[in-house]
Amino acid sequence: MRRAVHTMPEALFLAVAVITIASAILALESRELVYGAVALAVSFLGVAAVFVLLDAIFLAVMQVLVYIGSIAVLIIFVVMLVRREKWVSMPAGKERILGVIASVSLLAFVGFVVLDSGLTETFISTVTPPSFFEIGRQLVTEYGLSLQILGLVLALAVIGALTMAKVEATRNK
Amino acid sequence: MKFWVETFEDFLKRIIVIVFWLLLLLPFVIFPFIFIVVPALGIPLPNANQILTALLDPLKALPLVNDLGLGPSSLFFKIAAFPGFTFAALVATGIILYERKLLAKIQVRVGPLYAGRFEGILQPIADLVKLLFKELLVPAKADKTFFFIAPSLSLALATALLAVIPLAPDIFIARSELSLLIPFAIIGLTPLVILIAAWASSNKFAFIGGLRALHQLIAYEIPMMISLVGVVILSGSLDLFGIVEAQRGLWFIFPQLLGASIFYVTMLSELERIPFDLPEADTELVAGWLTEYSGMHFGLLQLANYIKFYALAVLFTLIFLGGWLGPAFLPPFAWLLIKLFFVITFMLLPRAFMPRVRMDQLIRLGWVWLIMLAFVNLFIALLEASIGMIL
């Protein structure tokens, strides 16, 4: 059964969702690249707000720290260094129609899955949200191996980036 | 080209016309508000008698304010007035005056002297009035939206830092079990605002300043956060209340002296203060990313910087100096203020006698030395925790 929006969290969620989606669309559609990059940061912030509404404060803090504090800043940094005249819009062709078909079918598929999953009804969870102590404990015990593999992959990526930068530097000499 | 110069008569006429129209139009707004909107919302409104007595005796105003839900225990009062914005802004202006007097004394000058009877004590108010009356200049090629948003955004971010920082066991705005982490997540957003401000100015000095700020802030955020991991290990908590309570036996500055020094250096760098003021180096870049900002825009950016200064000083006091802990003959809040005074003085001092570092020295210090020392500090903390020094 459908209910009208009348509780505070639902109204907040609606506002946050509208801001997140609107800024995500703006991030894709804006002609001015810097506006798009800032809209992307706002969209990340909206996702963090959704995490807060779901009582996952730790996840929200991490979202702000990683996605906005590093990734969005990096994107804006790159965008600002690029001349804006070089970015000309692509002429529309067959790809455009294919893209529209693909995105509409993807939207229909995801929408069908969501509607079918039983998540359309709101309910109040009685389970207390896990504290970050519990998250930490599980990360080093149950998921210890995957954590170490992740760390190894990241270390490899950093070493690879450094090596490539070094090779470029020596070649330029 | 003809100029129209406003005489004093024109000015008075203009003011009188504005006041006349306001007096004529305001009742059309205020009366519907009082008689239709307020009863519909169910807010108890004081009558004229109560308002007059409240004006004569401020103590009688307190129950009226409480009825409106704006009393000293309400969230609005906490955010807007006491542990929140107004208090922080007052402390920030106090810091500005104290900085000028202190640096002047160290460098054998007099500093602010004429405003106010005693030692130029009204200088912040004079500065504020000057900034308010200055014209807001916007460069012709500037991006107007971002140019106007950046100062307010900067102030909003600085104020958001205060949300989870407690000043005493009973003086705080919000409590969270992650209150150590949240301020640093908010500090991580500052490069975004600086980049927006620098880009929107469309000025090469501002842009170079913004890029320098970005390099510096990203390099110093990492050692700043790693230097605090030692404290988290020793106290077993990410809650500032828990960290302060864990220091009952010994302040963390003694077992974590290295961590405290790293945090102090990175703090100066985050605030763009003098050994690390490359982003606004005024002998090279006019004023760096602040170049195009004038009048109250500049005032807002300065206020934001000093509120951030205050917030970081409080964080240092809470994390390393035992916060509000102290002998019982003074209230906890007084102990915090005393420690805060010393921390602020210590943070202001380098400006009196330090030269500016070079960009390569800054980057090397951040990425090589500070990160390495922060990891050394982490192992020291692990060692101390294993022999049970604190826990």
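The values are calculated or read from the model by the stated rules, or taken from the named source; none is laboratory data. Note that the structure is predicted; figures quoted are calculated from it, not measured. All Cβ positions, even for glycine, are placed from backbone atoms using ideal geometry, and neighbour counts span all protein chains on display. In case anyone asks, the SASA skips ligands and DNA or RNA and just uses the protein heavy atoms, side chains included. Shrake-Rupley method; radii C 1.70, N 1.55, O 1.52, S 1.80 Å.
Quick one: is residue B:189 open to solvent by 10 Å² or more (accessible area, probe 1.4 Å) and within 8 Å of another protein chain (Cβ to nearest Cβ)? So residue B:189 fits the description; yes.
Among the residues of the range B:195-206, the ones that are in contact (Cβ under 8 Å) with a residue 12 or more places away in the chain, more than 8 Å from every other protein chain (Cβ to nearest Cβ) and open to solvent by 10 Å² or more (accessible area, probe 1.4 Å) come to 3 in all. Look at (1) surrounded by 19 or more Cβ atoms within 10 Å (Cβ to Cβ); (2) in a loop (DSSP other than H, G, I, E, B); (3) without any contact (Cβ under 8 Å) to a residue 60 or more places away in the chain and you find that residue B:108 fails only one, number (1).
May I ask you to verify whether residue A:66 is assigned to a helix (DSSP H, G or I), open to solvent by 50 Å² or more (accessible area, probe 1.4 Å) and over 25 Å from residue B:220 (Cβ atoms)? Break it down into steps so the answer makes sense when it comes.
Values: assigned to a helix (DSSP H, G or I): yes; open to solvent by 50 Å² or more (accessible area, probe 1.4 Å): yes; over 25 Å from residue B:220 (Cβ atoms): no.
Here the answer is no, as residue A:66 does not meet what is asked.
Among the residues of the range B:53-83, those that are among the charged types (D, E, K, R) and farther than 22 Å from residue B:311 by Cβ comprise B:57, B:60, B:67. Please verify whether the range B:130-142 includes one or more residues that are aliphatic (A, V, I, L, M), within 14 Å of another protein chain (Cβ to nearest Cβ) and buried (at least 17 other Cβ atoms within 10 Å of the Cβ). Checking the range B:130-142: at least one residue is aliphatic (A, V, I, L, M), within 14 Å of another protein chain (Cβ to nearest Cβ) and buried (at least 17 other Cβ atoms within 10 Å of the Cβ).
Every residue in the range B:207-224 that is open to solvent by 10 Å² or more (accessible area, probe 1.4 Å) and within 11 Å of another protein chain (Cβ to nearest Cβ), please.
Step one: filter the range B:207-224 for residues open to solvent by 10 Å² or more (accessible area, probe 1.4 Å), giving B:207-208, B:211-212, B:215, B:218, B:221-222.
B:207, B:211, B:215, B:218, B:221, B:222, listed by residue number.
Of all residue pairs spaced 6 or more apart or on separate chains, those with beta-carbon atoms under 7 Å, a first member in the range B:317-338 that is farther than 15 Å from residue B:242 by Cα and a second member that is assigned to a loop (DSSP other than H, G, I, E, B) and open to solvent by 50 Å² or more (accessible area, probe 1.4 Å) are B:332/B:169.
The number of residues in the range A:32-47 being more than 9 Å from chain B (Cβ to nearest Cβ), open to solvent by less than 30 Å² (accessible area, probe 1.4 Å) and under 10 Å from the mean Cα position of the chain (by Cα) comes to 2.
Against the test of being away from chain A (no Cβ under 14 Å), under 30 Å from residue B:241 (Cβ atoms) and in a helix (DSSP H, G or I), the options B:162, B:153 yield a single qualifying residue, B:162. For the range B:252-311, filtering for residues that are of a type in the set (Val, Ile, Thr) and either under 30 Å from residue B:388 (Cα atoms) or within 17 Å of the chain's Cα centre (by Cα) (or both) leaves 5. Of everything in the range B:166-185 that is open to solvent by 30 Å² or more (accessible area, probe 1.4 Å) and free of Cβ contacts under 8 Å to residues at least 60 places away in the same chain, the residue that is nearest to residue B:147 (Cα to Cα) is B:182.
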